[in-house]
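Single-structure report; data block below.
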Amino acid sequence: MVREDGHAGGGARQIVSAALLLAAALFILPALVVRGEPAYRREEVVQQPNGELAPSAEPSVQTGARDKGRTVRLQTKEGPVVELTMADYLWGVVAAEMPATFEEEALKAQACAARTYTAVLQNSAKHPEADICGDSTCCQAYIARSAAEARWGLNAQEYGEKIDRAVAQTDGLGILYEGKPIQALFFSSAAGRTVDAVEVWGNPVAYLKSVDSPEGEEVPNYRTQITLSAEEVKALTLEAYPGADLSGDPASWFGQASRNEGGGVISVPLGGVTLTGKQVRALFSLRSACFTVAWDGERFTFDVTGYGHGVGMSQYGANAMAKNGSSFRDILTWYYTGAEVGELW
């Protein structure tokens, strides 16, 4: 019986509405799952001007799965050998070797160089008990995450995440020459140009050639000065090179230096013995082999530009390139002549 107030008719309408809602739910729910994956985890799509659908421009987060699947046996400076994932080890190398304030593309270039350097040493017998050590004078510097974060203080999270991205977004990538990992040497700063490997070690290396490097006065301690007395120069020289003749006027001890395109010393006579720029740098603890020397009648003054051996990638040069818009690939292929960036594993 249908009442004139419409209540019975309202109940029928409610039943119909409920049925429609149930049908809609049964239709919509399957659309929220694609191959068992919730819709909120699928790649978003955007509509292009031509009406076609394309993946969203928002980049996906990289996980660094390739580096996390490999291990490194590290001989720590404290003594023990520890085993780390490649990802964790590279984080510690980048944090130790390059300022975290640098541009992210420079940090990525450093991660690739460190990864390549590590890959080469893992196939050597340099350290019988380990793949590599944490001494920068032997292999590569390394710092534990806790120590780095303590040093960074209030910036710890920002810098730590920045290096996380540099390692993860270059996951498994290295520097190759003719399909093989290179000796990915790097150093702090150059005096306008890097140095050809043949000048430092006597052997030419196809991908370690001299190239322009754009850093300059923004580099801390870019120009330094060392002063030594004649007695100090004489004692240090004769201890290392007893055949040198330093009996005369100190003004005549150093001869005319032979220099490369960047102004670095290739060789220079000292007391009749011809030394390389590298040898003079080591002898007098200079920051680089790009130096001049002058005698004022009382002391020798060495004016030095840049820091490091000068071969391979300049870290401050990489940062300058990144500031100018270069990608980590641009940086690496610039400093390592004829090389390419590719997968190591």
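The values are calculated or read from the model by the stated rules, or taken from the named source; none is laboratory data. The structure displayed is predicted, hence computed values, not measured ones. Don't worry about glycine lacking a Cβ; one is built from the backbone with ideal geometry, like all the others, and counts go over all protein chains shown. These area figures cover heavy atoms from the full protein model, side chains too; ligands, DNA and RNA do not enter into them. Shrake-Rupley method; radii C 1.70, N 1.55, O 1.52, S 1.80 Å.
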### Message
Checking Glu178 against (1) farther than 28 Å from Gly338 by Cα; (2) at pLDDT 95 or above; (3) among the acidic types (Asp, Glu); (4) more than 17 Å from the chain's Cα centre (by Cα), only one condition comes out false. Which one?
### Response
(1)
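Collect the residues in region 173-186 that are charged (D, E, K, R) and either touching a residue at least 12 places away in the same chain (Cβ under 8 Å) or crowded, with 20+ Cβ neighbours inside 10 Å (or both), keeping them in residue-number order. Full working, then the answer.
Within region 173-186, the subset charged (D, E, K, R) is 178, 180.
Within region 173-186, no residue meets the criteria.
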### Message
Under 6 Å between Cβ atoms, which residue pairs at least 6 apart in sequence (or on different chains) link something in region 257-272 that is without any contact (Cβ under 8 Å) to a residue 12 or more places away in the chain and within 22 Å of Ser189 (Cα to Cα) with a partner that is among the small types (Gly, Ala, Ser) and surrounded by fewer than 16 Cβ atoms within 10 Å (Cβ to Cβ)?
### Response
Ser267/Ser258
### Task
Could you grab the pairs with beta carbons closer than 6 Å, sequence gap of 6+ or different chains, first residue in region 308-337 and more than 17 Å from Gly192 (Cα to Cα), second one part of a helix (DSSP H, G or I) and open to solvent by 10 Å² or more (accessible area, probe 1.4 Å)?
Ser327/Glu105; Phe328/Glu105; Phe328/Lys108
### Summary
The number of residues in region 284-319 that are touching a helix residue (DSSP H, G or I) at 6+ places or on another chain (Cβ under 6 Å) and aliphatic (A, V, I, L, M) is 4
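How many residues does region 127-143 hold that are more than 19 Å from Phe186 (Cβ to Cβ) and crowded, with 18+ Cβ neighbours inside 10 Å?
Counting residues in region 127-143 that are more than 19 Å from Phe186 (Cβ to Cβ) and crowded, with 18+ Cβ neighbours inside 10 Å gives 1.
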### Task
Could you grab me the full set of residues in region 258-272 that are closer than 19 Å to Thr237 by Cβ and out of contact with any helix residue (DSSP H, G or I) (no Cβ under 8 Å at 6 or more places or on another chain)?
Ser258, Pro269, Gly272
#### Entry: Hits in region 187-231 - residues which are open to solvent by 30 Å² or more (accessible area, probe 1.4 Å), in a strand (DSSP E or B) and in contact (Cβ under 8 Å) with a residue 40 or more places away in the chain
Arg193, Arg223, Thr224, Gln225, Ile226, Thr227
### Residue under evaluation Pro55, criteria (1) more than 16 Å from the chain's Cα centre (by Cα); (2) at pLDDT 90 or above, criterion not met
(2)
### Message
Which numbered condition in (1) free of Cβ contacts under 8 Å to residues at least 40 places away in the same chain; (2) assigned to a helix (DSSP H, G or I); (3) open to solvent by 30 Å² or more (accessible area, probe 1.4 Å) is the only one that Asp164 fails?
### Response
(1)
### Query
Restricting attention to region 148-161, which residues are over 18 Å from the mean Cα position of the chain (by Cα), open to solvent by less than 50 Å² (accessible area, probe 1.4 Å) and at negative phi?
Trp152, Ala156
### Message
Restricting to region 232-257, name every residue that is closer than 20 Å to Arg287 by Cβ and surrounded by fewer than 16 Cβ atoms within 10 Å (Cβ to Cβ).
### Response
Glu232, Leu236, Ala240
#### Entry: All positions within region 163-179 that are in contact with a Ser or Thr (Cβ under 9 Å, 6 or more places away or on another chain) and under 12 Å from Trp91 (Cα atoms)
Ala168, Asp171
